[in-house]
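Contents: one structure, followed by commentary.
The values are calculated or read from the model by the stated rules, or taken from the named source; none is laboratory data. None of the values given here were measured: they were computed from a predicted structure. Methodologically, a virtual Cβ is constructed for each residue, glycine included, from the backbone with ideal geometry; neighbour enumeration extends over all protein chains shown. These accessible areas exclude ligands, DNA and RNA; they are computed on the full protein's heavy atoms, side chains included. Shrake-Rupley method; radii C 1.70, N 1.55, O 1.52, S 1.80 Å.
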Amino acid sequence: MPIFELLSADMERVKARAPPDFSRQVMDTEKRLNILFDHLNNEDLLSAETLESMATLARALATKDYNTARNIQVNLLTNKTTECTQWMTGVKRLIDMSPVAE
């Protein structure tokens, strides 16, 4: 499955189960993921290596392998900063909120 479909599905699950007092974080996470989705749709900014890592991260998140997803997120943030400054906070928050929304 593509990155968009996997992350969108998890975002919808989190959004449906998040307590009302988390609504600001959920809205900001969704906004930041939409920045990522725009880059994916426009096929700009993201290198092939980043796309491959994000696909692995999305699959890890879909299978509830949160440790792998976090490790990939930290690696991307550390090594691909210029590609992910605007949207990576959304990915991190989604990883953090996903186990809570189970």
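Remarks
- Some residue of the stretch 73-84 being closer than 18 Å to Glu102 by Cα and of a type in the set (A, V, I, L, M): no
- Close pairs from the stretch 59-81: first touching a residue at least 40 places away in the same chain (Cβ under 8 Å), partner acidic (Asp, Glu), Cβ under 9 Å, at least 6 apart: Arg59/Asp65; Leu61/Asp10; Ala62/Asp10
- Verdict on Asp44 being of a type outside the set (A, V, I, L, M, F, W, C) and either crowded, with 16+ Cβ neighbours inside 10 Å or in a helix (DSSP H, G or I) (or both): no
- Residues in the stretch 23-34 that are open to solvent by 50 Å² or more (accessible area, probe 1.4 Å) and closer than 14 Å to Glu83 by Cα: Arg32 alone.
- Tally, over the stretch 47-70, of residues that are of a type in the set (D, E, K, R), open to solvent by 90 Å² or more (accessible area, probe 1.4 Å) and part of a helix (DSSP H, G or I): 3
- Residues in the stretch 71-88 that are assigned to a helix (DSSP H, G or I), surrounded by 17 or more Cβ atoms within 10 Å (Cβ to Cβ) and of a type outside the set (A, V, I, L, M, F, W, C): Gln73, Glu83.
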